[in-house]
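Bear in mind these aren't lab numbers, they're just calculated from the coordinates by the rules spelled out. Keep in mind that what you see is a predicted model, and the values were worked out from it rather than measured. Note that each Cβ is placed from the backbone with ideal geometry, even for glycine, and that neighbours are counted across all protein chains shown.
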Amino acid sequence: MNIQSCVEVRNEWDIVKARQSGRNIAKELGFGTVDQARITTAISELARNIYLYAGKGEVSIERTEAGSKVGLKIVAADSGPGIKDIRRVMEDGFTTSGGLGAGLPGVKRLMDEFTIDSKENEGTNITAIKWLR
Ligand SMILES: Nc1ncnc2c1ncn2[C@@H]1O[C@H](COP(=O)(O)OP(=O)(O)OP(=O)(O)O)[C@@H](O)[C@H]1O
Ligand SMILES: [Mg+2]
């Protein structure tokens, strides 16, 4: 099985696609059902944000290693409007769309590593990793 996938996100079906390929890769790497659920939830939130705020972008999912650790890495990238104040979007409840504002802080809690790189008017790149235990 392929342990790498890149899903273009342009509509809500693509969110489902990204989620499914995340689940397949997580299973293949040996994650248990609870971690599979954490990973697929994180992927859904990141893909949904791309769809809502940037219109389009891509989510790639791949195996990663560091030393003796093996993990699953999600990269969500878009060339949308970017995020002006990264610190604020990481506060629970901050939203510009009337959402719950729980997406990004939730992804950070669900995953082991989380990095946002975003520039206003240039786009957003979010990387999140879950390590196998
Ligand atoms: N890819 C992105 N491009 C531009 N802005 C983004 C992107 N992702 C998130 N944001 C901004 O960050 C805010 C917080 O995102 P977050 O996912 O935490 O909450 P939400 O999408 O508003 O609500 P929820 O995810 O709980 O439904 C968003 O309201 C939006 O302003
Ligand atoms: Mg969101």
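The table below gives the values:
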item	result
Size of electric dipole in the range 23-75: Cβ of Lys, Arg +1 and of Asp, Glu -1, about Cα centre, debye, nearest 20	80
Charge-dipole axis of the chain as Lys and Arg at +1 and Asp and Glu at -1 on Cβ define it, positive-most pick from Asn24, Ser79, Leu104	Asn24
Members of Lys73/Lys119; Lys17/Lys56; Lys27/Lys108; Lys27/Lys56; Lys17/Lys69; Lys27/Lys84 lying beyond 25 Å, as alpha-carbon distances in this model show	Lys27/Lys56; Lys17/Lys69; Lys27/Lys84
Neighbour net charge for Arg48 - beta-carbon separation under 15 angstrom, K R +1, D E -1	-2
Computed magnitude of the charge dipole of the chain (debye, nearest 20; Cβ of K, R +1, Cβ of D, E -1)	320
Longest to shortest principal axis, alpha-carbon extents of the range 1-94, angstrom	36, 28, 22
